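> Below you'll find the structure I mean.
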Amino acid sequence: TAGIRIENLHLSFGTTKVLAGIDMEIKPGEFFAFLGPSGSGKSTLLRAIAGFGPRPKGRILIGDRDVVDLPPWKRNVGMVFQSYALWPHMSVRANVAFGLEERRMPRREIGPKVEAALELVGLLDLAERMPSQLSGGQQQRVALARTIAIEPQVLLLDEPLSNLDASLRVQMRRELLALQRKLQLTTIFVTHDQEEANTTSDRMAVLDGGVIQQIGTPQHLYDHPANGFVAGFLGTANIIEGRVQDGAFVTKSGHRLPVPAPPQGADRIVLRPQNIALTEERGEGILPGRIRHREFLGSQIRYLIETADGTIIVDTQHGPDTHDHAAGSEVALRIDCRNAPLLT
Ligand code: ADP
């Protein structure tokens, strides 16, 4: 397994700049996610590491080797595609063996390696089946086994779970993480799904417009977003404008929110829905509003509330003790902003 270092990477399709100065380091054995909206450049960056697509400017080091000028098959990376790309006319066993045969591995070594890879993904029993006789999750495991069998230094996964239904996705992402931990294989996982990135990755890079917005652990990015994009992309964020004055954040409407050690020049505060409670209280520190829209989310009820500082989203637990509010009702918000990030 190897670490990856990317230095000042730029990539264009013709005159369209798609990656603009990517710098990052991925540690050996790390599960790393590229997270961002559609079109942010995640897939292009992953493909550049694998050796597909236009030649980028800059450096991509796998271990201590700059691979920018190497073809994909000389980079020691294994890639799993969204579509799985299995050979439909070959059995599971033959699909997994294919990459090893291409590498001209002696036949007597191929058999045991194929079996070991199928064992790892729990598919040994189905080795003689054809891909069309497998479920989506099983096909995904074959694609994974085929990639692992070549013993790559780095595993690259491009939205590998997006063709699976919701409950299978959750199960497969746990299996994927368990497998990665077992093999200690440096892994990059591309996804537009924040929950998928949050639950699997050691660290992630959030991309937008071909630029890395922030790198860190999921929790660090959620608690300390570097900018409004990251705050809004990871979970729900109410971003309220105002300014810092006398140890508090004062919103545009003049509402005072006490915050510990506010940074100079902060002009926005990030309020998560769970930091705001609906209250019967009135008076100091309480922000009045009116419910514009109510959504039932199952474990929670979400309200969109019109206030003097714009629309604020509040989630309340859906339980035996909680009062439900109808759209149109007047409410009051108590905001706990002790750990609310401030943006400059
Ligand atoms: P993501 O994986 O984040 O959805 P992509 O890396 O696929 O984003 O695409 C990033 C940008 O590059 C998009 O604007 C897309 O239109 C453009 N792009 C991707 N592939 C090509 C291509 N082969 N030719 C031209 N533009 C492309």
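> Restricting attention to the stretch 164-194, which residues are in a strand (DSSP E or B), away from the ligand (no atom under 16 Å from the Cβ) and within 17 Å of LEU35 (Cβ to Cβ)?
In the first step, residues of the stretch 164-194 are kept if they are in a strand (DSSP E or B); the result is 186-191.
If we keep only those that are away from the ligand (no atom under 16 Å from the Cβ) too, we end up with 186-187.
THR187, the sole residue that qualifies.
> Any idea how many residues of the stretch 282-300 are over 7 Å from ALA332 (Cα atoms), among the aliphatic types (A, V, I, L, M) and surrounded by 14 or more Cβ atoms within 10 Å (Cβ to Cβ)?
Qualifying residue count for the region: 1.
> Moving on. Take ASP321 and tell me if it is surrounded by fewer than 17 Cβ atoms within 10 Å (Cβ to Cβ) and either in a strand (DSSP E or B) or acidic (Asp, Glu) (or both). Even if it seems obvious, please write down each step before you answer.
Values: surrounded by fewer than 17 Cβ atoms within 10 Å (Cβ to Cβ): yes; either in a strand (DSSP E or B) or acidic (Asp, Glu) (or both): yes.
So ASP321 fits the description; yes.
> If you don't mind, there's one more thing I want to ask. Among (1) away from the ligand (no atom under 16 Å from the Cβ); (2) over 25 Å from the mean Cα position of the chain (by Cα), which single condition is VAL77 missing?
That leaves (2) as the condition not met.
> Considering only the stretch 230-262, state which residues are more than 15 Å from ASN275 (Cβ to Cβ) and among the hydroxyl-bearing types (Ser, Thr, Tyr).
SER253
> May I pose another question? Answer with yes or no whether THR200 is surrounded by 19 or more Cβ atoms within 10 Å (Cβ to Cβ), within 17 Å of LEU46 (Cα to Cα), β-branched (Val, Ile, Thr) and in the same structural domain as VAL77 (by TED's automatic domain parsing).
In short, no.
> Kindly list, by first and then second residue, each pair from a residue in the stretch 16-34 that is among the charged types (D, E, K, R) to a residue that is in a loop (DSSP other than H, G, I, E, B) and within 15 Å of the ligand (Cβ to nearest atom), limited to pairs with Cβ atoms under 9 Å and residues at least 6 apart or on different chains.
Hits for this filter: LYS17/GLY210.
> Continuing with the same structure: Could you check the stretch 65-84 and list, in sequence order, the residues that are of a type outside the set (A, V, I, L, M, F, W, C), part of a loop (DSSP other than H, G, I, E, B) and surrounded by 14 or more Cβ atoms within 10 Å (Cβ to Cβ)? I'd like the intermediate steps shown before the answer.
Our first condition is that a residue be of a type outside the set (A, V, I, L, M, F, W, C); within the stretch 65-84, this holds for 65-66, 69, 71-72, 74-76, 78, 82-84.
Narrowing the set further to residues that are part of a loop (DSSP other than H, G, I, E, B) leaves 69, 71, 75-76, 82-84.
Correct list: ARG75, ASN76, GLN82, TYR84.
> Right, next: Name the pairs whose Cβ atoms lie under 7 Å apart, with the first residue in the stretch 79-104 and closer than 20 Å to SER162 by Cα, the second assigned to a helix (DSSP H, G or I) and among the aromatic types (Phe, Trp, Tyr), and 6 or more positions between them or separate chains?
Listed by first residue and then by second, the contacts come to TRP87/PHE98.
> Among the strands (runs of 3 or more DSSP E) confined wholly to the stretch 16-64, which include 2 or more residues that are closer than 15 Å to ASN76 by Cα?
On the way: elements: 16-26, 31-35, 57-62.
The strands (runs of 3 or more DSSP E) meeting that bar are 57-62.
> Another one. Looking at the stretch 85-133 only, could you name the residues that are polar (S, T, N, Q), surrounded by 13 or more Cβ atoms within 10 Å (Cβ to Cβ) and in a helix (DSSP H, G or I)? Steps first, please.
In the first step, residues of the stretch 85-133 are kept if they are polar (S, T, N, Q); the result is 91, 95, 132-133.
Checking which are surrounded by 13 or more Cβ atoms within 10 Å (Cβ to Cβ) leaves us with 91, 95.
Matches in the stretch 85-133: ASN95 only.
> If you don't mind, there's one more thing I want to ask. Quick one: how many residues across the stretch 6-31 are buried (at least 19 other Cβ atoms within 10 Å of the Cβ) and within 15 Å of the ligand (Cβ to nearest atom)? Don't jump to the end; show me each part of the working.
Taking the stretch 6-31 and keeping what is buried (at least 19 other Cβ atoms within 10 Å of the Cβ), we get 6, 9, 11, 18-19, 22, 26, 30-31.
When the remaining residues are screened for being within 15 Å of the ligand (Cβ to nearest atom), the result is 6, 9, 11, 18-19, 22.
So the answer is 6.
> Filter the stretch 136-181 down to the residues that are more than 21 Å from the chain's Cα centre (by Cα) and closer than 22 Å to PRO28 by Cβ, then identify the one that is surrounded by the fewest Cβ atoms within 10 Å (Cβ to Cβ).
The qualifying residue surrounded by the fewest Cβ atoms within 10 Å (Cβ to Cβ) is GLU151.
> Sticking with this structure for a sec: Could you go through the stretch 265-281 and let me know if any residue there is surrounded by 17 or more Cβ atoms within 10 Å (Cβ to Cβ), within 33 Å of the chain's Cα centre (by Cα), of a type in the set (S, T, N, Q) and modelled with pLDDT under 95.
First, the residues of the stretch 265-281 that are surrounded by 17 or more Cβ atoms within 10 Å (Cβ to Cβ): 268-273, 275-276, 278.
Imposing the further condition that a residue be within 33 Å of the chain's Cα centre (by Cα) reduces the set to 268-273, 275-276, 278.
Keeping just the survivors that are of a type in the set (S, T, N, Q) gives 275.
Now restrict to residues that are modelled with pLDDT under 95: 275.
So far as the stretch 265-281 goes, yes, one or more of its residues are surrounded by 17 or more Cβ atoms within 10 Å (Cβ to Cβ), within 33 Å of the chain's Cα centre (by Cα), of a type in the set (S, T, N, Q) and modelled with pLDDT under 95.
> Report yes if LEU155 is assigned to a strand (DSSP E or B), in the same structural domain as ALA97 (by TED's automatic domain parsing), of a type outside the set (Lys, Arg) and farther than 19 Å from HIS89 by Cβ, otherwise no. Steps first, please.
Numbers: assigned to a strand (DSSP E or B): yes; in the same structural domain as ALA97 (by TED's automatic domain parsing): yes; of a type outside the set (Lys, Arg): yes; farther than 19 Å from HIS89 by Cβ: yes.
Yes, satisfied.
> Can you tell me which of (1) under 21 Å from GLN184 (Cβ atoms); (2) of a type outside the set (Lys, Arg); (3) part of a helix (DSSP H, G or I) is the one GLN138 doesn't meet?
(1)
> Further question on the same structure: Every residue in the stretch 26-49 that is under 21 Å from THR16 (Cα atoms) and small (Gly, Ala, Ser), please.
GLY36, SER38, GLY39, SER40, GLY41, SER43, ALA48
> Can you go through THR1, THR44, THR16 and tell me which one is closer than 30 Å to LEU126 by Cβ and β-branched (Val, Ile, Thr)?
Details: THR44 fails: closer than 30 Å to LEU126 by Cβ; THR16 fails: closer than 30 Å to LEU126 by Cβ.
Exactly one residue qualifies, and that residue is THR1.
The values are calculated or read from the model by the stated rules, or taken from the named source; none is laboratory data. The structure presented is a predicted model; accordingly, all values stated were derived computationally and were not measured. As a convention, Cβ positions derive from the backbone with ideal geometry for all residues, glycine included, and neighbour counts pool all protein chains shown.
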